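> After the structure tokens below, expect a handful of questions from me.
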2 protein chains.
Amino acid sequence: MAISIKILGSSSATPVFNRHHSAQYLTIEKEHFLVDCGEGTQMQMKHYGVKLLKINHIFISHLHGDHYLGLVGLISSMHLNGRTEKLHIYGPYGLIEIITIQFKYSDTCLNFQIQFHEIKPNIPEIIFENNDVTVSTIPLQHRIPCTGFLFKEKPKHKRINKEMIPEGILLQEIADLKKGLDLYDANGEITYKNEDLTLPARTHHSYAYCSDTIYDETIVPLIQNVDLLYHEATFGNDFEERARKTFHTTAAQAGTIAKLANVQKLIIGHFSSRYKILDSLLEEAKTNFDNTELALEGLTFTLGN
Amino acid sequence: MAISIKILGSSSATPVFNRHHSAQYLTIEKEHFLVDCGEGTQMQMKHYGVKLLKINHIFISHLHGDHYLGLVGLISSMHLNGRTEKLHIYGPYGLIEIITIQFKYSDTCLNFQIQFHEIKPNIPEIIFENNDVTVSTIPLQHRIPCTGFLFKEKPKHKRINKEMIPEGILLQEIADLKKGLDLYDANGEITYKNEDLTLPARTHHSYAYCSDTIYDETIVPLIQNVDLLYHEATFGNDFEERARKTFHTTAAQAGTIAKLANVQKLIIGHFSSRYKILDSLLEEAKTNFDNTELALEGLTFTLGN
């Protein structure tokens, strides 16, 4: 009944200071997602006790190595650990070719099927949906095709107030109450008002993952009012020009995006190897958006309970 | 004036117990070599203080992921760290295609040239040579084309005994002495006997790296009398049949190969995830060859001084 986001890595391209490349482990209701999969992600999963075989859906933002180079090793370990269930991978054009060629040369015939979903980089679209959640793309402006991902819980049903439920109530009536309907007798008279037998629905939450991108206000409508925004903040104010040239964002700019989108909370990551100590990045983001935290490895952020 | 071998990883396919995939860092005279490059090798290099940019030659034994998946990340970090010097990569057919396709999709134009040397898997041949060292292939029997590598220092010159050298000696005469020649005057008479002005040459050493392979005595002549042999020992006696089926070796069999080849010392690695504690593998190897050690991460083995 919550969204949980565990940070497995939040380093940018050169991994230093024992920081690892981008990867996040999400659980939403019964689903287990992996978002990006930099080199060493399978080791980070072991380190933090994340079960390899629970993951059925992997989302790759783009084909810079620090966001996907752990994928073939991860898939190999799933294979060696006896996986038989289909694995869904969502990523840009080219990713399945990269995976396929490597298993061709290693002469590996996987025990399970990979279903690849090619992402269109320029238009936001729903790429995954079940009863509880949708996952949509967020087109980002980077040096190569790149998308973020928006994870949204669907509106929940009202909850039955067990203490108030009369005896003999029918299953269909329970279903109607959850939908917010009143109950009627055979004559069409109200027997129970919905509000007397139910509790409000639990809040549904949303999480947006935005990495890598130049400062780009066009994403604001797509991430408006999310509960939690992860936004890259590769550089500080000292390298604002370099951020622009390399299609990255500064921490202060990430704060501005969070403010414009009216999000509840911001976490920043994709830290450049220039910054051993990250305090200055956090402070700069906070000048524009106070409720900011660093997306440090090992931290878990939870929405709902 | 020595061969130094630092173990960066010696896990087989599933990395567990904080063990990393195969990678070794060798220094021989002025050369810095990397042998295999499993996922996470660049992080292991950072961890153990190995300088990324010193490496000019990388040898990849075969295209199972646990032996090469760190390569693209490593090359990327070399690029980001400003490398301009040519990088030589020696590996099987297919490796350069795997590298090239990934840099194509990441739209990376490297600042330096990669010179790829395709290894013929079935015949031993010299693939690198300079004044001090040769590197030859050792054809191995595995599920896919696979070669080990033999690193041999060339015989050294005799050393000049500075205390005994007379004044006014010519550079050419020094060179002759190093080659073991006596010195003559203009009339063809011996002026100095070589043994009076020189010290014996330092010993030259050899190191053989054999991973992955089924138990295979045909490699014995190729690694005869080496000072140090690394041989895979994926399994113990309890999985001898599985070793055979998967084209791997048991620790006891690795000991037998070391004995047959009359090597000075054996180190074993490529440990299966079945073994958390490795003592039994070491003991089993020692039943056939006593001078055996585990090739544990972080250990450095030195030949000469």
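The values are calculated or read from the model by the stated rules, or taken from the named source; none is laboratory data. These numbers come from a predicted model, not from an experiment. Backbone-built Cβ (ideal geometry, glycine too); neighbour counts: all protein chains shown.
> Please work out if B:A233 is closer than 19 Å to B:L8 by Cα, of a type outside the set (S, T, Y) and either buried (at least 19 other Cβ atoms within 10 Å of the Cβ) or touching a residue at least 24 places away in the same chain (Cβ under 8 Å) (or both).
Numbers: closer than 19 Å to B:L8 by Cα: yes; of a type outside the set (S, T, Y): yes; either buried (at least 19 other Cβ atoms within 10 Å of the Cβ) or touching a residue at least 24 places away in the same chain (Cβ under 8 Å) (or both): yes.
Yes, satisfied.
> Among what's in the stretch A:80-101 and is touching a residue at least 24 places away in the same chain (Cβ under 8 Å) and out of contact with any Phe, Trp or Tyr (no Cβ under 9 Å at 6 or more places or on another chain), pick the residue that is nearest to B:C37 (Cα to Cα).
A:N81
> Scan the stretch A:48-79 residue by residue and report those that are over 16 Å from the mean Cα position of the chain (by Cα), more than 8 Å from chain B (Cβ to nearest Cβ) and either at positive phi or in contact (Cβ under 8 Å) with a residue 24 or more places away in the chain (or both).
Listed by number, the residues that qualify are A:Y48, A:G49, A:L52, A:L53, A:L71, A:L74, A:I75, A:M78, A:H79.
> For the stretch B:1-118, please list each of the strands (runs of 3 or more DSSP E) lying entirely inside it that holds at least 3 residues being surrounded by fewer than 19 Cβ atoms within 10 Å (Cβ to Cβ).
B:114-118
> From (1) surrounded by fewer than 16 Cβ atoms within 10 Å (Cβ to Cβ); (2) outside the structural domain of B:H67 (by TED's automatic domain parsing), pick out the condition that doesn't hold for B:E173.
Here B:E173 meets the rest and fails (1).
> Just checking, which of B:Q42, B:Q102 is within 25 Å of B:L299 (Cβ to Cβ) and within 11 Å of chain A (Cβ to nearest Cβ)?
Answer to the selection: B:Q42.
> When both residues are 6+ apart or on different chains and their Cβ atoms are under 6 Å apart, which pairs have a first residue that lies in the stretch A:104-122 and is closer than 13 Å to A:F59 by Cβ and assigned by TED's automatic domain parsing to the domain that holds A:G148, and a second that is surrounded by 15 or more Cβ atoms within 10 Å (Cβ to Cβ) and aromatic (F, W, Y)?
From residues that are closer than 13 Å to A:F59 by Cβ and assigned by TED's automatic domain parsing to the domain that holds A:G148, the pairs are A:H117/A:Y90; A:I119/A:Y90.
> Ok, one more. A:R83 is checked against (1) within 23 Å of B:R274 (Cβ to Cβ); (2) within 11 Å of chain B (Cβ to nearest Cβ) and fails just one. What number does that condition carry?
Result: A:R83 fails condition (2) only.
> When you scan the stretch A:272-293, do you find a residue that is over 21 Å from the mean Cα position of the chain (by Cα), among the basic types (K, R) and more than 30 Å from A:Q42 (Cβ to Cβ), even just one?
Yes: one or more hits.
> I've got another one for you. Can you confirm whether A:E293 is in contact (Cβ under 8 Å) with a residue 40 or more places away in the chain and assigned by TED's automatic domain parsing to the domain that holds A:S10?
no
Let's see how each residue does on (1) within 27 Å of B:A13 (Cα to Cα); (2) of a type outside the set (A, V, I, L, M); (3) not assigned by TED's automatic domain parsing to the domain that holds B:G148:
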position: B:L63; (1), (2), (3): yes, no, no
position: B:Y68; (1), (2), (3): yes, yes, no
position: B:V72; (1), (2), (3): yes, no, no
position: B:S76; (1), (2), (3): yes, yes, no
position: B:R83; (1), (2), (3): no, yes, no
position: B:T100; (1), (2), (3): yes, yes, no
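> Is there a residue in the stretch B:112-133 that is within 14 Å of another protein chain (Cβ to nearest Cβ) and basic (K, R)?
No - not one qualifying residue is present in the stretch B:112-133.
> Looking at (1) touching a Leu at 6+ places or on another chain (Cβ under 8 Å); (2) surrounded by fewer than 21 Cβ atoms within 10 Å (Cβ to Cβ); (3) outside any helix (DSSP H, G or I), which is the one condition that is false for A:Y215?
Going through the list (1) touching a Leu at 6+ places or on another chain (Cβ under 8 Å); (2) surrounded by fewer than 21 Cβ atoms within 10 Å (Cβ to Cβ); (3) outside any helix (DSSP H, G or I), A:Y215 breaks only (1).
> Suppose we filter the stretch B:144-170 for residues that are in contact with a Lys or Arg (Cβ under 8 Å, 6 or more places away or on another chain) and within 20 Å of B:P221 (Cα to Cα); how many remain?
Result for the stretch B:144-170: 0.
> Quick check, is A:L183 modelled with pLDDT of 90 or more and over 21 Å from A:A258 (Cα atoms)?
Answer is yes for this residue.
> While we're on this one: Cβ-Cβ below 6 Å, separation at least six or inter-chain, first residue in the stretch B:184-212 and basic (K, R), second at pLDDT 90 or above and part of a loop (DSSP other than H, G, I, E, B): which pairs?
As it stands, the answer is B:K193/B:D182, since those pairs meet every condition given.
> Could you please find all residues in the stretch B:220-250 being assigned to a helix (DSSP H, G or I) and out of contact with any helix residue (DSSP H, G or I) (no Cβ under 7 Å at 6 or more places or on another chain)? Give the derivation first.
Filtering the stretch B:220-250 for residues assigned to a helix (DSSP H, G or I) gives B:220-223, B:237-245.
Once the filter is applied, which keeps residues that are assigned to a helix (DSSP H, G or I) and out of contact with any helix residue (DSSP H, G or I) (no Cβ under 7 Å at 6 or more places or on another chain), the stretch B:220-250 yields B:P221, B:L222, B:I223, B:D238, B:F239, B:E240, B:E241, B:R242, B:A243, B:R244, B:K245.
> So for the stretch A:1-16 (the condition being more than 9 Å from chain B (Cβ to nearest Cβ), closer than 18 Å to B:L74 by Cβ and among the basic types (K, R)), does at least one residue qualify?
So far as the stretch A:1-16 goes, no, none of its residues is more than 9 Å from chain B (Cβ to nearest Cβ), closer than 18 Å to B:L74 by Cβ and among the basic types (K, R).
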